[in-house]
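S.K.: Below is the structure I would like to discuss, written out as structure tokens.
The values are calculated or read from the model by the stated rules, or taken from the named source; none is laboratory data. Keep in mind it's a predicted model, so treat the numbers as computed, not measured. Counting neighbours? That spans all protein chains shown, and the Cβs are built from the backbone with ideal geometry, glycine included. Areas reflect the complete protein model, heavy atoms only, side chains present, ligands, DNA and RNA absent. Shrake-Rupley method; radii C 1.70, N 1.55, O 1.52, S 1.80 Å.
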Amino acid sequence: APNKRDAKFWLARAHEVLFAPFCDAIADEPRILLMPDDDLCDLPFAALRDAEGSYLVERHVIFYAPSATAMVALKHRIDTRREAHAVDLAHGYTSALLVGDPDFQGWAKQLPAAQEEVRYVRAELKPSGCHAVVLTGAEATAPRIVDEMREHELVHLATHRMGDSLLFSAASMEEGELSASRLQLLRLSKTKLIVLNAGDLARGRARKSGVNSISRACFAAGVPVMLASLWSTDEVSSPMLVQRFYNQMLRSGVDDVAEVLQHAIVSMIHDVDEPLNALPRNWAFFVLYGLAVPLKASLRV
């Protein structure tokens, strides 16, 4: 019998059960849209391994949606937004909000690596002329972040998460919460992409209409694409994938954010200089929700 800790076995077994029956049907599909429910929301589909030992992410660009209804509503919202404001939702970022390691004042563990993460992202954005607002420590309060989110095309949040809430600087957890219910009421008409590097962020309680989580709240607020972490990561693997993602996104010229994520992950899988980067725990934690095709293109749902 396989060891319960044998990740390779279980990832291969999950692929056999979930994908093997229709592998031939999707073999030529470059992209796969997944709408997992219940416990499957926590499964890192990108890391499922086929009989040949290849990961699913090596064969397909993978993106997620909390439900088909949410995807249709999001597409309508984006089409309306494009027509009303005549903005280019596919290319570049002129402004960014970067949040890392809020001051939790003892009620939660500090995240020093998150400060390094946002400094790196700021340095990556600078050559493009993107104006970046960086909030760390005591400045990273929920009210300040809510105000700033409305003004920026790119939002990067590296913090803690509790349930369906993100946590920011405050004297207590209750004061520092930014709940999904509050987030979904924001009108983020300028925001093209939210990157949420917060442990367990993509988990949510399943309902008939889809996953009740931050991803759904972001869609309701009008954000077309969200990159989120499935679980907490260590201080080495997380910055590595974040760095490769931004490097690919800002330099490759690829508009499809899901494809950018795929390229970043595959580069880690095949990193001969750092073999540990190939382990799924070091790259499978990031998943992409939303309209992950070039937004200038038509999309049928």
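S.K.: One residue is enough: does the stretch 149-162 have a residue meeting the conditions over 20 Å from residue 218 (Cβ atoms), of a type outside the set (Ser, Thr, Tyr) and either part of a helix (DSSP H, G or I) or open to solvent by 30 Å² or more (accessible area, probe 1.4 Å) (or both)?
M.R.: No, the stretch 149-162 has no match at all.
S.K.: Could you tell me whether any residue of the stretch 247-263 is open to solvent by 10 Å² or more (accessible area, probe 1.4 Å), at positive phi and in a loop (DSSP other than H, G, I, E, B)?
M.R.: Checking the stretch 247-263: at least one residue is open to solvent by 10 Å² or more (accessible area, probe 1.4 Å), at positive phi and in a loop (DSSP other than H, G, I, E, B).
S.K.: Would you confirm whether any residue within the stretch 217-229 is of a type in the set (Phe, Trp, Tyr), in a loop (DSSP other than H, G, I, E, B) and either open to solvent by less than 10 Å² (accessible area, probe 1.4 Å) or at pLDDT 90 or above (or both)?
M.R.: Checked the stretch 217-229: no residue is of a type in the set (Phe, Trp, Tyr), in a loop (DSSP other than H, G, I, E, B) and either open to solvent by less than 10 Å² (accessible area, probe 1.4 Å) or at pLDDT 90 or above (or both).
S.K.: For the stretch 251-267, enumerate the residues that are touching a residue at least 24 places away in the same chain (Cβ under 8 Å) and of a type outside the set (S, T, N, Q).
M.R.: If the condition is that a residue be touching a residue at least 24 places away in the same chain (Cβ under 8 Å) and of a type outside the set (S, T, N, Q), then 255, 256, 257, 258, 259, 261, 265, 266 are the ones that fit.
S.K.: What are the residues in the stretch 93-111 that are outside any strand (DSSP E or B) and free of Cβ contacts under 8 Å to residues at least 60 places away in the same chain, if any?
M.R.: 94, 106, 109, 110, 111
S.K.: So, in the stretch 123-158, of the ones that are touching a residue at least 60 places away in the same chain (Cβ under 8 Å) and in contact with a Phe, Trp or Tyr (Cβ under 6 Å, 6 or more places away or on another chain), which residue ends up farthest from residue 94 (Cα to Cα)?
M.R.: 124
S.K.: Something else about it: Would you point out which residue out of 238, 209, 232 is more than 17 Å from residue 62 (Cβ to Cβ), modelled with pLDDT under 80 and open to solvent by less than 10 Å² (accessible area, probe 1.4 Å)?
M.R.: When all the criteria are applied, what remains is 238.
S.K.: Still on this structure, I have one more. For the stretch 153-195: of the residues being farther than 23 Å from residue 239 by Cβ and of a type in the set (Lys, Arg), which is modelled with the highest pLDDT?
M.R.: Across the stretch 153-195, the extreme among qualifying residues is 182.
S.K.: Which condition number does residue 273 fail, the rest of (1) in a helix (DSSP H, G or I); (2) modelled with pLDDT of 90 or more being met?
M.R.: Looking at each condition in turn, residue 273 falls short on (1).
S.K.: Among the residues of the stretch 9-29, which ones are of a type in the set (Phe, Trp, Tyr) and either within 17 Å of residue 61 (Cβ to Cβ) or in contact with a helix residue (DSSP H, G or I) (Cβ under 8 Å, 6 or more places away or on another chain) (or both)?
M.R.: Matches in the stretch 9-29: 19 only.
S.K.: Which one of the conditions (1) under 16 Å from residue 290 (Cα atoms); (2) over 18 Å from the mean Cα position of the chain (by Cα) does residue 51 fail to meet, given that it meets all the rest?
M.R.: If we test residue 51 against (1) under 16 Å from residue 290 (Cα atoms); (2) over 18 Å from the mean Cα position of the chain (by Cα), just (1) comes out false.
S.K.: Does the stretch 1-34 hold any residues that are in contact with a Phe, Trp or Tyr (Cβ under 7 Å, 6 or more places away or on another chain) and either open to solvent by 90 Å² or more (accessible area, probe 1.4 Å) or in a loop (DSSP other than H, G, I, E, B) (or both), and which are they?
M.R.: Residue satisfying the conditions is 2 alone.
S.K.: Which residue is farthest from residue 173 (Cα to Cα), if the candidates are limited to the stretch 112-148 and must be open to solvent by 30 Å² or more (accessible area, probe 1.4 Å), in contact with a Ser or Thr (Cβ under 8 Å, 6 or more places away or on another chain) and not in a helix (DSSP H, G or I)?
M.R.: Checked the stretch 112-148; the qualifying residue farthest from residue 173 (Cα to Cα) is 129.
S.K.: Taking residue 93 and the conditions (1) under 20 Å from the mean Cα position of the chain (by Cα); (2) open to solvent by 30 Å² or more (accessible area, probe 1.4 Å); (3) at pLDDT below 80; (4) within 30 Å of residue 141 (Cα to Cα), which numbered condition does it fall short on, given that it satisfies the others?
M.R.: Result: residue 93 fails condition (3) only.
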